[in-house]
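J.: Quick one: this structure, given as structure tokens, is what I'll be asking you about.
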Amino acid sequence: MSDVRVKFNLANEAVDEDIFNPPAPLIAGAHCSGLQSYHDMYRSSINNSDEFWRTVSSELHFEQGTSKGLEYNFDAKAGPVYCKFMDGAKTNLSYNCLERNIKRGLGDKIAYIFEGNEPTDVSTWTYKELHAQVVQFSAVLRAHGVKRGDVVALYLPMIPELAVAMLACARIGAMHSVVFAGFSAESLAARVVDARCRVVVTADGVFRGAKPIGLKSIADAACALAAQEDVKVEAVIMVEHLKRVTKPDGVELPKADYTTITFVYETEMQKCAGVDSPVEWMDAESPLFLLYTSGSTGKPKGIQHTTAGYMTYAYATTKFTFDAKDDDVYWCTADCGWITGHSYLLYGPLMNGLKGIWYEGVPTYPTPSRMWDVTDKYGVTKLYTSPTAARALMALGNKWLESTSRQSLKVIGTVGEPINPAAWMWLYKKVGLSNVSIVDTYWQTETGGHMITCLPGATPMKPGAAAMPFFGASPVLLDAEGRVIEGPGEGSLCFDRAWPGMMRGIYGDEQRFVKTYFAPFNGYYFTGDGARRDEDGYLWITGRVDDLMNVSGHLLSTAEIESALVAHEKVAEAAVVAAPHDIKGSFPYAFVTLNVGEKLNDKLVAELKKMVREKIGALAVPDVIQEAPGLPKTRSGKVTRRILRKIAEGSESGIGDTTTLVDESVIKQLISGRSGRA
């Protein structure tokens, strides 16, 4: 494939730019090699769906097979909404990650290099060693009465025991509910109560950079809150993590209370050494895990995934989206507190037999070169990170790249939100030295895996575009009346058929499941996002549908205004919401995070407004631009815009659920900063 010179649209600005083709070495030998190969495989996945997924699933282990494929109904008027995949089959996800690979001869291959908060805290576990730990901890869980169908809350930092605990739950047929170890006691308690967890696994504490954080005290407080709701946690199993890590000089470690229903992880493991703990063979549609995601109401949604469909889809999307190869060193920087950590740090890579990096720290400690230092140290070939991390590192300057080579990189993936073209180009040219494929993946907690993405050996890349649907995913754009938009156009992004990895429900709330995802457009799964299809068939995510604003009768995309703002060299990040206006109906209200050392002043405000005016038009110019030290984000990197809308409206009440935010304190900073608006 030769480079194709085209004119395409970025933030409504016509720009002469390259469509960047995959590097030739990636095309040669790729699992999906060349654009024609993609089109052929995609047509097969749609027109012969059951045969396509039967071929994929044949690469995995099923203890009992079935003749059934994908069965579903999205038409709520015709009957219950449901999805089933390989109904009647039996398998186990943990077995497919571990025993299956050991039997393939990979037992002595490194499964993970665990790098801690400090660069010197490093350990490696082979597939055999990880398997032994998983069997042992599954015996611990069984000894504490955990059985098939129970839910175990995992409130752990990014340490090896989190991988062990997730795999151990899957081994015995228990659902894990991973809660990000930065959430409050109230947030953890809400999840424990909703799933009625009797066992919580946590750690004494963790370092985030140079800052120590006590986790056991938070877990204890959450258990006390759960007890007030008549949910009794019978065991808190605590990893003594802080006893083994290198701690910065002069730092006092948080104290853990050993008196409150506490069982020390290391002691419990010793008790169960050598205990037989066999695999539970699970029905294809048996519940696998719960993962809570934020909702517009005060109660988070417990997204429920099941066994065979999620397993097959996580395996396939990892294999094709990252062109997974035996000699890869793969690093997903995500936390297992969100879905990317489940699908693309743990389960997908292990099923593909990869050598992975499991990283505890933050990307800027001890210096902002840490991500690139780790890349060089282990020869990372495939890197999966977030646009948020990319923009943050880009804002700190290229000097932090200069001490590293990064020449091992072949694929850089992004996840969590649409990537703006400036960050895309920085990853491609500066980080990847113009010799990588960038795969900007669109998907959700609810979808289980990638829905729209480039494939690194097949798809020409457009900076900022999500690109093409993954195999088996059938996206449609609908107008406000639910009519399908053919060809180039913009509308609500939906999917008109099921795929194996999709959610099976919201835990304990079937009505909310149907109302949220299927009632808005009957017969379709509604993502809640808007998208634009260009003349080449590429899909561009325009943001949440409720992020489209009506200004004087004109619909404006907040994503396009944001893209124009972050094109300014002094802006690291921007979020735009609609604020009410007596005459225009609403007006654009912008929150901007500036690069380190920059300040918002009248001159910069004028420059930003001019850029928006020139790139989009006068209607899109924000009436208000407020400097934001940070934005309210979920752990996946998504900006919680309903909170920003409340701030823009001048309201401090009715903000709703904030438990899934990485840093709730940023809300108070933004409210107090309203006086500094421009």
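The values are calculated or read from the model by the stated rules, or taken from the named source; none is laboratory data. Values in this document were obtained by computation on a predicted structure and should not be read as measured data. Virtual Cβ from ideal backbone geometry, glycine too; neighbours counted across all protein chains shown. Quick note on the areas: whole protein, heavy atoms, side chains included, nothing else; ligands and nucleic acids left out. Shrake-Rupley method; radii C 1.70, N 1.55, O 1.52, S 1.80 Å.
J.: For segment 594-612, how many residues are open to solvent by 60 Å² or more (accessible area, probe 1.4 Å), over 31 Å from the mean Cα position of the chain (by Cα) and of a type in the set (D, E, K, R)?
T.: So the answer is 4.
So that you can scan it fast, the table gives a plain yes or no per residue for (1) assigned to a helix (DSSP H, G or I); (2) closer than 22 Å to Cys97 by Cα:
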{"residue": "Gln133", "(1), (2)": "yes, yes"}
{"residue": "Leu141", "(1), (2)": "yes, yes"}
{"residue": "Glu161", "(1), (2)": "yes, yes"}
{"residue": "Ala170", "(1), (2)": "yes, yes"}
{"residue": "Phe180", "(1), (2)": "no, no"}
{"residue": "Phe183", "(1), (2)": "no, no"}
{"residue": "Val193", "(1), (2)": "yes, no"}
{"residue": "Thr202", "(1), (2)": "no, no"}
{"residue": "Ala222", "(1), (2)": "yes, no"}
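J.: Moving on. Among the residues of segment 143-159, which ones are of a type in the set (A, V, I, L, M, F, W, C) and not in a helix (DSSP H, G or I)?
T.: Listed by number, the residues that qualify are Val146, Val151, Val152, Ala153, Leu154, Leu156, Met158, Ile159.
Every residue, every condition in (1) touching a helix residue (DSSP H, G or I) at 6+ places or on another chain (Cβ under 6 Å); (2) part of a loop (DSSP other than H, G, I, E, B); (3) at pLDDT 95 or above; (4) outside the structural domain of Arg208 (by the TED database), yes or no:
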| residue | (1), (2), (3), (4) |
| --- | --- |
| Asp40 | no, no, yes, no |
| Ser44 | yes, no, yes, no |
| Trp53 | no, no, yes, no |
| Leu60 | yes, yes, yes, no |
| Lys68 | no, yes, yes, no |
| Glu71 | no, no, yes, no |
| Tyr95 | no, no, yes, no |
| Arg104 | no, no, yes, no |
| Ala111 | yes, no, yes, no |
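J.: Out of Lys255, Lys271, I need the residue that is over 18 Å from Tyr155 (Cα atoms), open to solvent by 50 Å² or more (accessible area, probe 1.4 Å) and among the basic types (Lys, Arg). Which one?
T.: Residue meeting the stated conditions: Lys271.
J.: Does Gly457 fit the bill of being closer than 16 Å to Lys638 by Cα and either in contact with a His (Cβ under 6 Å, 6 or more places away or on another chain) or in the same structural domain as His39 (by the TED database) (or both)?
T.: Judged against the criteria, Gly457 is not a match.
J.: Of the numbered conditions (1) charged (D, E, K, R); (2) more than 28 Å from Gln136 (Cβ to Cβ); (3) part of a loop (DSSP other than H, G, I, E, B); (4) at pLDDT 90 or above, Asp276 satisfies every one except a single condition; which is it?
T.: (2)
J.: Here's another thing I want to ask about it. Return a yes/no flag: does segment 21-30 have any residue that is within 28 Å of the chain's Cα centre (by Cα), modelled with pLDDT of 95 or more and closer than 30 Å to Gly88 by Cβ.
T.: no
J.: Just give me the residues in segment 473-510 being under 30 Å from Glu285 (Cβ atoms), open to solvent by 20 Å² or more (accessible area, probe 1.4 Å) and among the small types (Gly, Ala, Ser), in sequence order.
T.: Gly482, Gly508
J.: Another question, if that's okay. Criterion first (touching an Asp or Glu at 6+ places or on another chain (Cβ under 9 Å), within 27 Å of Ser343 (Cβ to Cβ) and open to solvent by 40 Å² or more (accessible area, probe 1.4 Å)) does Arg244 satisfy it?
T.: no
J.: If a residue has to be within 19 Å of the chain's Cα centre (by Cα), modelled with pLDDT of 95 or more and either of a type in the set (Gly, Ala, Ser) or closer than 23 Å to Met394 by Cβ (or both) to count, how many in segment 346-373 make the cut?
T.: Of the residues in that region, 5 qualify.
J.: Does segment 479-504 hold any residues that are of a type in the set (Lys, Arg) and closer than 28 Å to Phe52 by Cβ, and which are they?
T.: Quick first cut of segment 479-504, residues of a type in the set (Lys, Arg) only: 483, 497, 504.
If the condition is that a residue be of a type in the set (Lys, Arg) and closer than 28 Å to Phe52 by Cβ, then Arg497, Arg504 are the ones that fit.
J.: Quick test of your reading of the structure: Ala210 fulfils all but one of (1) open to solvent by less than 40 Å² (accessible area, probe 1.4 Å); (2) small (Gly, Ala, Ser); (3) in contact (Cβ under 8 Å) with a residue 60 or more places away in the chain. Name the failing condition by number.
T.: (1)
J.: Identify the single condition in (1) in a loop (DSSP other than H, G, I, E, B); (2) closer than 26 Å to Gly79 by Cβ; (3) modelled with pLDDT of 95 or more that Phe471 does not satisfy, given that it satisfies every other one.
T.: The one condition Phe471 does not meet is (2).
J.: Identify, by number, the condition in (1) more than 30 Å from Ala76 (Cβ to Cβ); (2) not in a loop (DSSP other than H, G, I, E, B) that Ser492 doesn't meet.
T.: Unmet condition: (1).
J.: What pairs can you find where one residue is in segment 135-152 and within 9 Å of Cys272 (Cβ to Cβ), the other is open to solvent by 40 Å² or more (accessible area, probe 1.4 Å) and β-branched (Val, Ile, Thr), and their Cβ atoms are less than 6 Å apart, with a gap of 6+ or different chains?
T.: What qualifies is Ala139/Val275.
J.: Something else about it: If Met238 satisfies all but one of (1) over 29 Å from Tyr365 (Cα atoms); (2) assigned to a strand (DSSP E or B); (3) within 31 Å of the chain's Cα centre (by Cα), what's the number of the condition it fails?
T.: Here Met238 meets the rest and fails (1).
J.: Okay, next question. For segment 397-414, does any single residue satisfy the condition of being out of contact with any Lys or Arg (no Cβ under 7 Å at 6 or more places or on another chain) and part of a helix (DSSP H, G or I)?
T.: Yes, segment 397-414 contains at least one residue that is out of contact with any Lys or Arg (no Cβ under 7 Å at 6 or more places or on another chain) and part of a helix (DSSP H, G or I).
J.: Looking only at segment 319-363, which residues are of a type in the set (Ser, Thr, Tyr) and either open to solvent by 10 Å² or more (accessible area, probe 1.4 Å) or touching a residue at least 60 places away in the same chain (Cβ under 8 Å) (or both)?
T.: Within segment 319-363, Thr321, Thr333, Thr340, Ser343, Tyr344, Tyr347, Tyr359 qualify.
J.: Which one of Leu156, Leu162 is closer than 22 Å to Leu215 by Cα, touching a Cys at 6+ places or on another chain (Cβ under 6 Å) and touching a residue at least 60 places away in the same chain (Cβ under 8 Å)?
T.: Among Leu156, Leu162, only Leu162 is closer than 22 Å to Leu215 by Cα, touching a Cys at 6+ places or on another chain (Cβ under 6 Å) and touching a residue at least 60 places away in the same chain (Cβ under 8 Å).
J.: Can you tell me how many residues within segment 520-577 are modelled with pLDDT under 90, among the polar types (S, T, N, Q) and part of a strand (DSSP E or B)?
T.: 3
J.: Report, ordered by the first and then the second residue, all pairs with beta carbons closer than 9 Å, sequence separation of six or more or different chains, a first member in segment 253-264 that is outside any loop (DSSP other than H, G, I, E, B), and a second member that is buried (at least 16 other Cβ atoms within 10 Å of the Cβ) and of a type in the set (Lys, Arg).
T.: What qualifies is Thr262/Lys216.
J.: Please work out which one of (1) out of contact with any strand residue (DSSP E or B) (no Cβ under 8 Å at 6 or more places or on another chain); (2) open to solvent by less than 70 Å² (accessible area, probe 1.4 Å); (3) without any contact (Cβ under 8 Å) to a residue 60 or more places away in the chain; (4) not hydrophobic (A, V, I, L, M, F, W, C) is the condition Asp204 fails and give its number.
T.: (1)
J.: Still on this structure, I have one more. Give me a count of the residues in segment 613-658 that are at pLDDT 85 or above, open to solvent by 40 Å² or more (accessible area, probe 1.4 Å), over 16 Å from Ser586 (Cα atoms) and not in a loop (DSSP other than H, G, I, E, B).
T.: 1
J.: Among the listed residues Leu350, Leu393, Leu291, Leu345, which satisfies the condition of being part of a strand (DSSP E or B) and assigned by the TED database to the domain that holds Arg54?
T.: Leu291
J.: When you check Phe470 against the structure, is it under 25 Å from Phe85 (Cα atoms) and open to solvent by less than 10 Å² (accessible area, probe 1.4 Å), yes or no?
T.: Judged against the criteria, Phe470 is a match.
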